[in-house]
Each structure stands twice: as C-alpha cells, then as structure tokens.
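I have placed the structure first, in the form of structure tokens, so that the comments after it can refer back to it.
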Amino acid sequence: MSTSVQPTDINEDKMNAFLGKVVGDFGASLSSSLAYLGQKLGLYKAIADAGSVTPAELAQQTNTNERYVKEWLINQAAGGYVDYDAATGKYSLAPEQTVALTDENSPFFVGGGFYVIKAMTQAVERIESHFRDGGGMLWGEHHPDLFVGTERFFRPGYVAHLINTWIPSLTGVEEKLKAGGKVADVGCGHGASTIIMAQAYPNSEFWGFDNHAASIEHSRAKAANAGVEDRVHFETATAQEFPDNQYDLVAFFDCLHDMGDPAGACKRAAEVLAPGGSVLIVEPMAGNTVEENFNIIGRTFSGASTLCCTSNSLALDGPALGAVATEESIRKIVLGAGFKEFRRATETPFNRVFEARK
Ligand SMILES: C[S@@+](CC[C@H](N)C(=O)[O-])C[C@H]1O[C@@H](n2cnc3c(N)ncnc32)[C@H](O)[C@@H]1O
C-alpha cells in the first residue's frame, strides 16, 4: 500500500467491488486462453454437433484427454460460454453461443479474437523490454496466430458491412465497381476484404498489397480457393511504394494506424488514385478524447494497440498513431498528404469508416 493511503481512507464496499472486478478479469484472461484451445481443438464445434455431451463423450469425439476436457468444461460453464445440465451431467451450447463460437460465416463469429489475444499476449516479454527502450516489434515478428486470428476476427465484420454499407457510403464508388473499376487493398493481410470485394464486383480488378510476404502467399491461396485469382493480384509491396494502376478505390482496412509512415502511405494513395477516385480508411472505433475510450471497446483496442499496433510503428520510428487514434490525428495525416476532403462516411460499433478525396 502507498504510504499516503491510510486504512481509514478505504471504503470497504468500493474495495470489494474493485477486487470483484479484478478477480473477474483473472478468470476472463484465463478463459480467453481456454477459448483459444476450444477453437483450436474443435471442442465447441463438437459440442454443437453432438447437441449435448458429457466430458467423456466430448473427449472421445475430439480425440482429447478426458481429464483436461472435464476441467475445461467447468471453466467454460463458469464463464457462460457453455450451458450445463446438472440433472444429466451434460454440457451444451445455446444457439447464440453456437453461432458466436462456431459459425465462421456469421457476422456474430468471435472465434478469431482468441487467436489474436493469444498471439499478442505471447509478445508480452518483448513488449516489456520496449517499454524500457522505446523500441518496437514488427507485425511479422509476432506468432503466426496473429495473422490467422486477425483474418478470422475481422472477416465477419467485412462480410456484414463492407458491400452493404461501407462501399455505398463512398462517393460514386459502388457504381464504378459494379461497372468495372480498379481497387487497391493496401495492408491487406490475409486478403479477406479483397476477396469479399472481388466476389461482389465481378467486373472489377483488385490488387492486394502487404509488406508481410507470408500473408501475401496465404492470400494468393485464398483467392485461388475462391476462384477469383484471375481478377485478384496479391503482391508483396509497401504502402509507400505499391504499384500505380490508377485505382478508383484505394482501401486501408485496419492498418493505417499501424504503419511506420502513414503519411507516406496516404501520399502514395494520392499519387495512384484515378481522377475522381476515393480512399477508404477503416479504423477501429475510438473516441475523440482519451476518456471517450473508457469502455469495453476502448479497453480492447487500446490493449491490442499497446501490444501490437503502437509497437509496429515504433519499431519503424513512426508516429505510432495507435488503434485508438483520434479522428483529428487521422485527418491531419490525410490532409497533409494532399487530399482536400476527409469525412466519416459511416461507422459501426467497432469501426470508423472514413473517405478521403483529392
Ligand atoms: C491489423 S492487420 C490488418 C490486415 C487486413 N487489412 C485486415 O483487415 O484483415 C495490419 C496489416 O498491415 C500491414 N502493414 C503494416 N505496415 C505496412 C506497410 N508499411 N506496408 C504494407 N503493409 C503494411 C501488416 O503487414 C498487416 O498485414
């Protein structure tokens, strides 16, 4: 205890409430790792397929050890991720739990988040050293679960909103893409957004660029699987130097704030944009003041930002905009790169969607 705080300063109810919150966070942190295992080992899918299971049945169906599974199920039921029937000793998933934990095509799917958290927390020791030396850790230096998880985490939101809301919110872009336009998806990662757009606009041509070569290889395989490889070109390139094809749309999905040189990326976007074209910048939802981030979304994004986004930019001596960058700080970068218009075109509870035009 700090020497300036006396026992009489402590309000017992407030102390109990705070400790209760901390213990809840202890459980949540551990359960997040266990939810990762549930995803990885197919435990949730097996429960959903079976309808209801005993620990022995679940272990048998997933080829896992019953003793671990028994303990895992208690944790999951205590956290409200699975239901338990004391009369039968069986565990099951409610429809909402089934969709959120097992249906990768649903906009409610959250499974990817556990991969992201697992990979980011694996970097804690390295980030501790950078708290001391001010350095950073590059995106590509993280555990590969980060790349898999990011795609699995963001894809449901892109499926839900990108074609229905985000593209139509831009100036004349939907019409151009329907007729046949050119799109650059910069910092495309595993290419989820690129492929979703390619499937929606069969007359258009798409380029996905990322400086992480392994992600580009993965994206190429995904495009081939989706049957769109003739119109989708994935290339390893930086956001500051990607090829000029005079695009009708240049998009940055959840990546501008990560970059070492976001101003250089915006400048390049301005150079390669066809006359009348638009830049789409999707950024995590965040407040315009520090205190507007004091909620569950701000807590999550600022946490991810500390362990990953801020660190990637600092590794490159960048401005470290961070995942909770204010709209004003993004506007400054965009307008400084030569754009005349910048506006929030639309938003979701998790995303801010900006449009920039020359
Ligand atoms: C958080 S991920 C987002 C990936 C993808 N856009 C999505 O929404 O799933 C950020 C991506 O930006 C890429 N990136 C960061 N800096 C970059 C740069 N300077 N040039 C190209 N890509 C960059 C990273 O390699 C990573 O794939």
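The values are calculated or read from the model by the stated rules, or taken from the named source; none is laboratory data. Bear in mind the structure is a predicted one, so any value in this text is a computation, not a measurement. Ideal geometry is used to build each Cβ from the backbone, glycine not excepted, and the neighbour counts take in all protein chains shown. These accessible areas exclude ligands, DNA and RNA; they are computed on the full protein's heavy atoms, side chains included. Shrake-Rupley method; radii C 1.70, N 1.55, O 1.52, S 1.80 Å.
Against the list (1) closer than 22 Å to VAL173 by Cβ; (2) open to solvent by less than 50 Å² (accessible area, probe 1.4 Å); (3) within 15 Å of the ligand (Cβ to nearest atom), the condition LYS267 fails is (2). In summary, PHE301 fulfils each of the numbered conditions (1) touching a residue at least 24 places away in the same chain (Cβ under 8 Å); (2) within 14 Å of the ligand (Cβ to nearest atom) with the single exception of condition (1). The set of residues in the range 167-176 that are touching an Asp or Glu at 6+ places or on another chain (Cβ under 7 Å), away from the ligand (no atom under 16 Å from the Cβ) and either part of a helix (DSSP H, G or I) or outside the structural domain of ILE281 (by TED's automatic domain parsing) (or both) comprises PRO168, VAL173, LYS176. Looking across the range 180-225, the residues that are polar (S, T, N, Q) and either within 12 Å of the ligand (Cβ to nearest atom) or assigned to a loop (DSSP other than H, G, I, E, B) (or both) come down to SER193, THR194, ASN203, SER204, ASN211, SER215, SER219.
The residues of the range 102-151 that are within 16 Å of the ligand (Cβ to nearest atom), assigned to a loop (DSSP other than H, G, I, E, B) and modelled with pLDDT of 95 or more, listed by number, are PHE109, VAL110, ALA123, GLY136, MET137, LEU138, HIS142, HIS143, PRO144.
Of the numbered criteria (1) within 12 Å of the ligand (Cβ to nearest atom); (2) surrounded by 17 or more Cβ atoms within 10 Å (Cβ to Cβ); (3) farther than 11 Å from ASP185 by Cα, the one THR236 fails is (2). Taken together, the criteria exclude GLU66 from residues that are surrounded by fewer than 18 Cβ atoms within 10 Å (Cβ to Cβ), within 16 Å of the ligand (Cβ to nearest atom) and of a type outside the set (A, V, I, L, M).
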